[in-house]
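S.K.: Structure below; questions to follow.
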Amino acid sequence: MTPVTNRQLYLHQRPVGVPTADDIRLRTVDVPSLADGEVLIENHYLSLDPAIRDWMSGNDTYMAPIAIGESIRSTTLGKVLESRHPDFVAGDYVQGLAVNAWEEYTVNSGEVLTKVVNDGKYPPRYYLSIFSGAMGLTPYFGMLELGRPVAGETVLISAAAGAVGSIAGQIAKIKGCRVVGLTGSNDKASWLINELGFDAVINYKDCDNLAEEIASVCPERVNIFFDNVGGEILDAALLNIADHARIVFCGAISSYNASGPVPGPYNYWQILAHSATVKGLLTTNYVDQFDAANAEIRGWLESGKLRFNEDIVDGIENTVDAYARLFSGMNKGKLLVRLAAADQQ
Ligand SMILES: NC(=O)c1ccc[n+]([C@@H]2O[C@H](COP(=O)([O-])OP(=O)(O)OC[C@H]3O[C@@H](n4cnc5c(N)ncnc54)[C@H](OP(=O)(O)O)[C@@H]3O)[C@@H](O)[C@H]2O)c1
């Protein structure tokens, strides 16, 4: 039966700092009827990504800002309930990459909508985590295309216990590198070492001088810095780069909640001094290679070379509180919200 109403989270006002329930509110709206070329998706899982915070700011980045009153744009995983699009039929599982929203039902025109391989081997949800740009594909292209790891090199990863960082480190291990992670809790540090095979981890919240700590753990300096954080962590890493280091600029979560311009990097000069390269990563540049990348990621999962964690919170009404966990460091691995419809899978 076609649903009549849709609960959705929308941007009530632009947040100052970490978004709260005053900024993002829940409302009930009608489900619109479908036009030709559209599909109606029942969302099962919402992806909680740091970049969404930037879209809430009104800044122009690689994607238009979310307007006041608009639903919160997101990547979601769901099931097609009705289709007037030639490529989709009811029952298909689909992932909408940064085109759907934090809501129960989405009407989508089929653009950037991917049919999920549903062969019973993996839950469709994996297309929002390990097989998605929100987790596996970003470190895949960031590490392999921009980092270009060589066996024996030292790789440093910031936000190492997160969705992207935890996979970036393991890919560098697969390529024979020595991998050092940065994270903000001892629990996540031991997970990275004991379960994911990182060689060393620094708890950046528990050291007096991060640059010195990196120097002692990376005596041969850092060949690849995979940066998810920016700010002071980037500055500490820059003081430790090796000649011809590659810096993968994947994200800068330390500044996403800033209300004004952020300073730095103060140690920018190190890039020149070490003939280093900084490259910005945009995973959407590799869409035509996603299937091939996922084939290799599947191989690593099946051979036990790659492990991952999904951090799942239940209920659309808990989404805003869950989202804050990205900025307090409370998540371990890929943060998702499971909606009520997912129980029927
Ligand atoms: N370029 C692309 O195409 C692309 C695609 C996806 C994601 N990204 C970027 O990748 C980065 C990681 O995203 P994710 O989804 O994997 O998130 P995540 O790493 O799973 O979660 C964020 C983590 O960042 C750390 N963190 C938060 N605030 C911090 C701060 N002020 N200083 C230091 N660490 C902080 C926390 O871990 P600790 O407890 O360890 O501090 C937190 O758990 C983000 O910058 C995101 O924008 C880029």
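Each reported figure results from applying straightforward, stated rules to the coordinates on display, with no laboratory input. Everything quoted here is computed from the prediction, not taken from an experiment. Glycine gets a Cβ as well: all are built from the backbone with ideal geometry, and neighbour counts include every protein chain shown.
S.K.: Provide, for the chain, the number of lysine pairs with alpha carbons under 25 Å apart, each pair being eight or more places apart or on different chains.
M.R.: 27
S.K.: Here is a follow-up. For Ser83, what is the net charge nearby, where nearby means another residue's Cβ is under 13 Å from its Cβ and Lys, Arg count +1, Asp, Glu -1?
M.R.: Neighbourhood net charge equals -3.
S.K.: Hey, if you put +1 on the Cβ of every Lys and Arg and -1 on every Asp and Glu Cβ in segment 137-284, which of Leu144, Asn228, Gly197 ends up farthest toward the positive end of that dipole?
M.R.: Leu144
S.K.: Report the local net charge at Ser255: Lys and Arg +1, Asp and Glu -1, summed over other residues whose C-beta lies under 15 Å from its C-beta.
M.R.: Around Ser255, the surrounding residues sum to -3.
S.K.: In addition: Report the net charge of residues surrounding Asp206, where surrounding means a beta-carbon distance below 15 angstrom and charges are Lys +1, Arg +1, Asp -1, Glu -1.
M.R.: -3
S.K.: What is the distance in Å between the Cα centres of segment 17-86 and segment 209-234?
M.R.: 36
S.K.: A further question follows. Report the charge-dipole magnitude of segment 70-147 in Debye, nearest 20, computed about the Cα centre from +1 at each Lys and Arg Cβ and -1 at each Asp and Glu Cβ.
M.R.: Roughly 200 debye, rounded to the nearest 20.
S.K.: What FRET efficiency comes out for Tyr268 versus His12 if R0 is 41 angstrom and r is the Cβ-Cβ distance? Round to the nearest 0.05.
M.R.: Once the sixth-power term is evaluated, E becomes 0.60.
S.K.: Using a/c under 1.5 as the rounded threshold, could you call segment 125-192 rounded, prolate or oblate? The axes a ≥ b ≥ c are square roots of the C-alpha gyration tensor eigenvalues, and prolate needs a/b larger than b/c, oblate otherwise.
M.R.: Oblate, since a/c reaches 1.5 and b/c is not below a/b.
S.K.: Using +1 at the Cβ of each Lys and Arg and -1 at the Cβ of each Asp and Glu in the chain, identify which of Val320, Val16, Ala168 lies farthest towards the dipole's positive end.
M.R.: Highest projection toward the positive end goes to Ala168.
S.K.: Here's a follow-up. Where a ≥ b ≥ c are the square roots of the eigenvalues of the C-alpha gyration tensor, would you call segment 137-284 rounded, which needs a/c under 1.5, or, failing that, prolate if a/b is larger than b/c, or oblate?
M.R.: Verdict is rounded for segment 137-284.
S.K.: Once amide H atoms are placed 1.01 Å from N in the peptide plane, what residues at a sequence separation of 5 or more from Ala98, or on another chain, have their amide H within under 5 Å of its amide H?
M.R.: Here the answer is Thr75, Thr76, since their amide H atoms fall under 5 Å of that of Ala98.
S.K.: Highest mean first, how do 86-97, 237-248 rank when packing is the count of other Cβ atoms within 10 Å averaged over residues?
M.R.: 237-248, 86-97
S.K.: Give the range of the longest stretch in the chain that excludes all GluC sites (Glu not before Pro) found in loop regions by DSSP and having at most 12 other beta-carbon atoms within 10 Å.
M.R.: It runs 221-345.
S.K.: Let me ask you something else. Taking the highest mean first, how do the peptides 123-135, 156-168 order by number of other beta carbon atoms within 10 angstrom per residue?
M.R.: Those peptides, ordered most packed to least, come out 156-168, 123-135.
S.K.: Ordered by residue, what ³J(HN,Hα) values in Hz, to whole numbers, does segment 240-245 give under the Karplus form 6.51 cos²θ - 1.76 cosθ + 1.60, where θ = phi - 60° and Gly and Pro are x?
M.R.: Here the 3J(HN,Hα) series is 10, 6, 8, 4, 6, 5 Hz.
S.K.: OK, next. First check a/c for the chain, with a ≥ b ≥ c the square roots of the eigenvalues of its C-alpha gyration tensor; if it is under 1.5, answer rounded, and if not, answer prolate when a/b is larger than b/c or oblate otherwise.
M.R.: Since a/c reaches 1.5 and a/b is larger than b/c, the shape of the chain is classed as prolate.
S.K.: Note down the magnitude of the dipole of the chain about its Cα centre, charges +1 on Lys and Arg C-beta and -1 on Asp and Glu C-beta and zero elsewhere, to the nearest 20 debye.
M.R.: 460
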